[in-house]
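Peer 1: Okay, handing you the structure first.
The values are calculated or read from the model by the stated rules, or taken from the named source; none is laboratory data. If you're wondering where the values come from, they're calculated on a predicted model, not measured in any experiment. Cβ sites come from the backbone with ideal geometry, for glycine too, and all protein chains shown count toward neighbours.
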Amino acid sequence: MENVIDDLQLSSYEFEVPKELIAQAPLAERDASKLLVVRRQNESIEHRQFRDIVEYLDAGDCLVINKTKVVPVRLFGKKETGGIVEALFLDPREFSSGTVRALLKPWMDPGKKIIFSGGLIATVQGRAATGETILLCNGTAIDTLLTAAGHMPLPPYIKRDKSGDGRELQDKQRYQTVYARDSGSIAAPTAGLHFTDQLFARLRERGIEVAEITLHVGWGTFRPLVAATVTDHRMLPECYELTSEAARKINRAHSIGRRVVAVGTTSVRTLESVAEGAGKTMVAATGETSLFIHPGYQFKTVNALITNFHQPQSTPLLLTSAFAGREKILAAYSEAIRRQYRFFSYGDAMLIL
């Protein structure tokens, strides 16, 4: 039996990934990624390719995907003294207001200005309690400038030259799922990056339902945990939508004894957020969720999970550990490292049954 006290200590989710296994670019073919299959009941592990996932799903199963679209919210500007500043804008809903939250590299004192190309000037107002910088923006509309000059918000462990190093176009295409439609995320729901149109065709031929939900990935998903006890962490709210059509497909799968298979931790959080209020029977819902899933959580609607390999001490890792058990997940990660799997956003995938 796993140690419940250990499950709730942030230090229990630390591990090292060799630098060479941190994927810096996607594979040429999305579904050529490796797939590590973990069966929770007998703790077995299998090694496959992602395109083999069709073999693990049955007619009537419902695959739930997050159709959010990543906005190119990273901009490079200059201080009045000429130094380069990187700004990651955190919430597309704020763009029309002029007062926005961002992460800055480097940090700047209140009153200092950032001058962006295209006529946008941002003045630092201060820092929020949760670590973001508050900017007052004047001149060119933010969304207009981001469309013209924004960079994809790749995580910091993916290294790119500040001016672009020839991979910019690739990132704009590949740091996005093939089914992305609803703009609003500042990070990709990376489990979905492995799917192709051809793979969806095979899934549908097999009789597998596909339900689309939306959760706009925000600062809340990747904000670092700092509390020694994970239950002291508080998630920031993120917007979600579950349509009546998606609810119908999910309910049908449950009614005939089939599985609801969530693609990614964002799909899990959406489904479980709705289930918190509605129970196992899904209903159409929109709103914000701050649901933080960690070991000890009792899942209400998700039966299987497709996910990537996550960073140490991260909220997605805690969710995955809640679903399969911390010791099982860390053992699977150790096996993946031994087998030279690629890690994190552009890396390989897991299927947890």
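Peer 1: If you go through region 303-321 one residue at a time, do you hit one that is in contact with a helix residue (DSSP H, G or I) (Cβ under 8 Å, 6 or more places away or on another chain) and over 22 Å from THR270 (Cα atoms)?
Peer 2: Checked region 303-321: at least one residue is in contact with a helix residue (DSSP H, G or I) (Cβ under 8 Å, 6 or more places away or on another chain) and over 22 Å from THR270 (Cα atoms).
Peer 1: Restricting to region 243-269, name every residue that is aliphatic (A, V, I, L, M) and either at positive phi or assigned to a strand (DSSP E or B) (or both).
Peer 2: From region 243-269, those aliphatic (A, V, I, L, M) are 246-247, 250, 253, 256, 260-263, 268; that's our starting set.
Within region 243-269, VAL260, VAL261, ALA262, VAL263 meet the criteria.
Peer 1: Among the numbered criteria (1) surrounded by fewer than 16 Cβ atoms within 10 Å (Cβ to Cβ); (2) over 30 Å from HIS151 (Cα atoms); (3) modelled with pLDDT of 95 or more, which one does SER44 miss?
Peer 2: Going through the list (1) surrounded by fewer than 16 Cβ atoms within 10 Å (Cβ to Cβ); (2) over 30 Å from HIS151 (Cα atoms); (3) modelled with pLDDT of 95 or more, SER44 breaks only (3).
Peer 1: Can I ask one more? When region 195-214 is examined, which residues are found to be of a type in the set (A, V, I, L, M) and either farther than 23 Å from ASP348 by Cβ or not in a loop (DSSP other than H, G, I, E, B) (or both)?
Peer 2: Let us first name the residues in region 195-214 that are of a type in the set (A, V, I, L, M), namely 199, 201, 203, 208, 210-211, 213.
Residues satisfying the conditions are LEU199, ALA201, LEU203, VAL210, ALA211, ILE213.
Let's see how each residue does on (1) out of contact with any His (no Cβ under 6 Å at 6 or more places or on another chain); (2) farther than 30 Å from PHE344 by Cα; (3) not aromatic (Phe, Trp, Tyr); (4) not assigned by TED's automatic domain parsing to the domain that holds PRO316:
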| position | (1), (2), (3), (4) |
| --- | --- |
| ALA122 | yes, yes, yes, yes |
| GLY131 | yes, no, yes, yes |
| VAL178 | yes, no, yes, no |
| ALA188 | yes, no, yes, no |
| LEU193 | yes, no, yes, no |
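Peer 1: Could you go through region 288-296 and let me know if any residue there is part of a helix (DSSP H, G or I), charged (D, E, K, R) and either at pLDDT 95 or above or in contact with a strand residue (DSSP E or B) (Cβ under 9 Å, 6 or more places away or on another chain) (or both). Walk me through it before giving the result.
Peer 2: So in region 288-296, the residues part of a helix (DSSP H, G or I) come out as none.
No: region 288-296 contains no residue that is part of a helix (DSSP H, G or I), charged (D, E, K, R) and either at pLDDT 95 or above or in contact with a strand residue (DSSP E or B) (Cβ under 9 Å, 6 or more places away or on another chain) (or both).
Peer 1: Right, here's the next one. Can you pull out the residues in region 312-329 that are farther than 21 Å from ARG234 by Cβ and β-branched (Val, Ile, Thr)?
Peer 2: Answer for region 312-329, where residues must be farther than 21 Å from ARG234 by Cβ and β-branched (Val, Ile, Thr): just ILE329.
Peer 1: What is the one condition in (1) buried (at least 19 other Cβ atoms within 10 Å of the Cβ); (2) farther than 18 Å from GLY192 by Cβ; (3) charged (D, E, K, R) that ARG269 does not satisfy?
Peer 2: So ARG269 meets the others, but not (2).
Okay, residues lined up against (1) out of contact with any Asp or Glu (no Cβ under 7 Å at 6 or more places or on another chain); (2) among the basic types (Lys, Arg); (3) modelled with pLDDT under 95:
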residue	(1), (2), (3)
LYS69	no, yes, no
GLY77	yes, no, no
LEU88	yes, no, no
GLU94	yes, no, yes
ILE121	yes, no, no
VAL124	no, no, no
ARG127	yes, yes, yes
THR133	yes, no, no
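Peer 1: Here's another thing I want to ask about it. Filter region 327-353 down to the residues that are closer than 22 Å to ASP7 by Cα and of a type in the set (Ser, Thr, Tyr), then identify the one that is farthest from the chain's Cα centre (by Cα).
Peer 2: Result: SER334.
Peer 1: Look at ALA191 and say whether it is aliphatic (A, V, I, L, M), within 25 Å of ARG269 (Cα to Cα), part of a loop (DSSP other than H, G, I, E, B) and touching a residue at least 60 places away in the same chain (Cβ under 8 Å). Walk me through how you get there before you give the answer.
Peer 2: Numbers: aliphatic (A, V, I, L, M): yes; within 25 Å of ARG269 (Cα to Cα): yes; part of a loop (DSSP other than H, G, I, E, B): no; touching a residue at least 60 places away in the same chain (Cβ under 8 Å): yes.
In short, no.
A quick yes/no check of all residues on (1) among the aliphatic types (A, V, I, L, M); (2) at pLDDT below 95; (3) in a loop (DSSP other than H, G, I, E, B):
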residue: LEU271; (1), (2), (3): yes, no, no
residue: VAL274; (1), (2), (3): yes, no, no
residue: LYS280; (1), (2), (3): no, yes, yes
residue: THR301; (1), (2), (3): no, no, yes
residue: PRO312; (1), (2), (3): no, no, yes
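Peer 1: To continue, here is another question. State whether one or more residues within region 85-93 are surrounded by 21 or more Cβ atoms within 10 Å (Cβ to Cβ), among the small types (Gly, Ala, Ser) and closer than 27 Å to ALA180 by Cβ.
Peer 2: Taking every residue of region 85-93 in turn, at least one turns out to be surrounded by 21 or more Cβ atoms within 10 Å (Cβ to Cβ), among the small types (Gly, Ala, Ser) and closer than 27 Å to ALA180 by Cβ.
Peer 1: If we scan region 325-342, do we find a residue that is aromatic (Phe, Trp, Tyr), surrounded by fewer than 22 Cβ atoms within 10 Å (Cβ to Cβ) and either outside any helix (DSSP H, G or I) or touching a helix residue (DSSP H, G or I) at 6+ places or on another chain (Cβ under 8 Å) (or both)? Quick ask: steps written out before the conclusion?
Peer 2: Start the filter on region 325-342 by keeping residues that are aromatic (Phe, Trp, Tyr), which leaves 333, 341.
This time we only want the ones that are surrounded by fewer than 22 Cβ atoms within 10 Å (Cβ to Cβ), so: 333.
If we keep only those that are either outside any helix (DSSP H, G or I) or touching a helix residue (DSSP H, G or I) at 6+ places or on another chain (Cβ under 8 Å) (or both) too, we end up with none.
Checked region 325-342: no residue is aromatic (Phe, Trp, Tyr), surrounded by fewer than 22 Cβ atoms within 10 Å (Cβ to Cβ) and either outside any helix (DSSP H, G or I) or touching a helix residue (DSSP H, G or I) at 6+ places or on another chain (Cβ under 8 Å) (or both).
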